[in-house]
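Data first, discussion second: the structure below is written as structure tokens.
The values are calculated or read from the model by the stated rules, or taken from the named source; none is laboratory data. Quick caveat: nothing in here was measured; it's all calculated off a predicted structure. Virtual Cβ from ideal backbone geometry, glycine too; neighbours counted across all protein chains shown.
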Amino acid sequence: MREQMNPTVEKILQNIEKVMIGKRNVAELSLVALLANGHVLLEDVPGVGKTMMVRALSKSVSARFRRIQFTPDLLPSDVTGVSIYNPKEMEFQFRPGPLMGNIILADEINRTSPKTQSALLEGMEESSVTIDGVTHILEKPFFVMATQNPIEYEGTYPLPEAQLDRFLLKMKMGYPELDEEMEVLNRAQKVPPIEDLTPVISLEELRELQNEIKTVFVDDTIKRYIVDIAHRTRIHNSVYLGASPRGSIALMKAAQAYAFMYGRDYVLPDDIQYLAPAVFSHRLILKSEAKFEGITAEEIVNRVIARVPVPVQRLVK
């Protein structure tokens, strides 16, 4: 029996589906990250709707949308902002960069240098940026959805491990089904649906939802389940570096958000099993032999989940 979706969450998803066809799972996971105060890395080939997904989510929640187009010559100050001397006032004045928004699209993040990529780190982790010794607090909610083309493409820079670890989850869009792509063509003949998209909730309502997520109950048996899965990724024969403690925290928060979205005030083992590949895979560094054999991080996470005993959860809180 399918669980009943939270009415407010369902409204947001239905609004996104006016623009995105056949991408319900991607929209759900994006909303999981937003509600859990995390960030998302979308990796796929160009033209499958990564940018459209971010814009649709932003418009649905009345957020201030900012876009950063990453290029090889982009500087850190182009992202965070810069202090410029004003001769009339005889003082330096801060001019905020595009990072000063609610929902940030970091488009093609792996097209720029690691130095500029790292300019996002403080904002993603601390919700603040420090420029010329002055710390600027970012308005909440603050949500980064970065897109990247696969690193096999020429002219791209693999993201540093430290930055990958800041993303709550990583996912792929994938190509649409034939019927879905037909519908995309039909809609493209008219005015783009994104232009007519209107908000369904306010920023204040979104903040309230984010606060409610924190009240979702996580039993100690579930926490142990998360820790066991994370630990087994660290000792796996094919893994050089496993999921970090930050990854364990991310999985717990994501599971709280996912449970809330489906109208529950407690987390189930099923939530952990569903979310773990998206939360842990990009945090693993595989050994060279594993890469040579074509083994993926997602496969390893799924194998680990299959081997870790599923806890019997106590429903009495």
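In summary, helices (runs of 4 or more DSSP H) completely within segment 139-224 and bearing 2 or more residues that are over 17 Å from the mean Cα position of the chain (by Cα) occur at 178-188, 203-213. When segment 22-49 is filtered for residues that are part of a helix (DSSP H, G or I) and in contact with a helix residue (DSSP H, G or I) (Cβ under 9 Å, 6 or more places away or on another chain), the ones remaining, listed by number, are 24, 26, 27, 28, 29, 30, 31, 32, 33, 34, 35.
Among the residues making up segment 117-138, those that are surrounded by 12 or more Cβ atoms within 10 Å (Cβ to Cβ), in a strand (DSSP E or B) and at pLDDT 80 or above are 128, 129, 136. If we keep just the residues of segment 1-41 that are modelled with pLDDT under 90 and touching a Lys or Arg at 6+ places or on another chain (Cβ under 9 Å), which is farthest from residue 190 (Cα to Cα)? Among those residues, the one meeting the criterion is 3.
The numbered conditions (1) within 15 Å of residue 194 (Cβ to Cβ); (2) touching a residue at least 60 places away in the same chain (Cβ under 8 Å) are all true for residue 22 except (1). Picking from residues in segment 249-286 that are touching a helix residue (DSSP H, G or I) at 6+ places or on another chain (Cβ under 6 Å) and aromatic (Phe, Trp, Tyr), the one that is nearest to residue 44 (Cα to Cα) is 280.
Results for (1) within 25 Å of residue 149 (Cβ to Cβ); (2) β-branched (Val, Ile, Thr); (3) assigned by TED's automatic domain parsing to the domain that holds residue 110, shown as yes or no for each residue.
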residue: 20; (1), (2), (3): yes, no, yes
residue: 24; (1), (2), (3): yes, no, yes
residue: 45; (1), (2), (3): yes, yes, yes
residue: 51; (1), (2), (3): yes, yes, yes
residue: 61; (1), (2), (3): no, yes, yes
residue: 66; (1), (2), (3): yes, no, yes
residue: 71; (1), (2), (3): yes, yes, yes
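Checking each residue in segment 69-90 for being outside any loop (DSSP other than H, G, I, E, B) and either among the polar types (S, T, N, Q) or surrounded by fewer than 13 Cβ atoms within 10 Å (Cβ to Cβ) (or both) picks out 69, 77, 80, 83, 84, 85, 86. Scanning segment 197-223 for residues that are without any contact (Cβ under 8 Å) to a residue 12 or more places away in the chain and of a type outside the set (S, T, N, Q), we see that the one that is nearest to residue 59 (Cα to Cα) is 204. The residue that is farthest from residue 51 (Cα to Cα), among those in segment 1-21 that are part of a helix (DSSP H, G or I) and touching a Leu at 6+ places or on another chain (Cβ under 9 Å), is 8. Show the residue pairs that are 6+ apart or on different chains and have beta-carbon atoms under 7 Å apart, the first residue being within segment 73-90 and over 18 Å from residue 105 (Cα atoms), the second being of a type in the set (S, T, N, Q). Correct list of pairs: 83/93; 84/93; 86/93. Scanning segment 91-98 turns up one or more residues that are assigned to a loop (DSSP other than H, G, I, E, B) and either of a type in the set (Phe, Trp, Tyr) or closer than 30 Å to residue 211 by Cα (or both). For segment 98-133, a residue qualifies if it is free of Cβ contacts under 8 Å to residues at least 40 places away in the same chain and either of a type in the set (A, V, I, L, M) or not assigned by TED's automatic domain parsing to the domain that holds residue 162 (or both), and the qualifying residues are 99, 100.
Okay, residues lined up against (1) surrounded by fewer than 23 Cβ atoms within 10 Å (Cβ to Cβ); (2) over 26 Å from residue 270 (Cβ atoms):
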| residue | (1), (2) |
| --- | --- |
| 4 | yes, no |
| 11 | yes, no |
| 22 | yes, no |
| 25 | yes, no |
| 30 | no, no |
| 35 | no, no |
| 45 | yes, yes |
| 52 | yes, yes |
| 57 | no, no |
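Let's see how each residue does on (1) aliphatic (A, V, I, L, M); (2) on the phi < 0 side of the Ramachandran plot; (3) surrounded by 15 or more Cβ atoms within 10 Å (Cβ to Cβ):
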residue: 265; (1), (2), (3): no, yes, no
residue: 271; (1), (2), (3): no, yes, yes
residue: 274; (1), (2), (3): no, yes, yes
residue: 281; (1), (2), (3): no, yes, yes
residue: 291; (1), (2), (3): no, yes, no
residue: 298; (1), (2), (3): no, yes, yes
residue: 301; (1), (2), (3): yes, yes, yes
residue: 307; (1), (2), (3): no, yes, no
residue: 311; (1), (2), (3): no, yes, yes
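If we scan segment 236-256, do we find a residue that is more than 20 Å from the chain's Cα centre (by Cα) and either of a type in the set (A, V, I, L, M, F, W, C) or surrounded by 24 or more Cβ atoms within 10 Å (Cβ to Cβ) (or both)? Within segment 236-256, one or more residues are more than 20 Å from the chain's Cα centre (by Cα) and either of a type in the set (A, V, I, L, M, F, W, C) or surrounded by 24 or more Cβ atoms within 10 Å (Cβ to Cβ) (or both).
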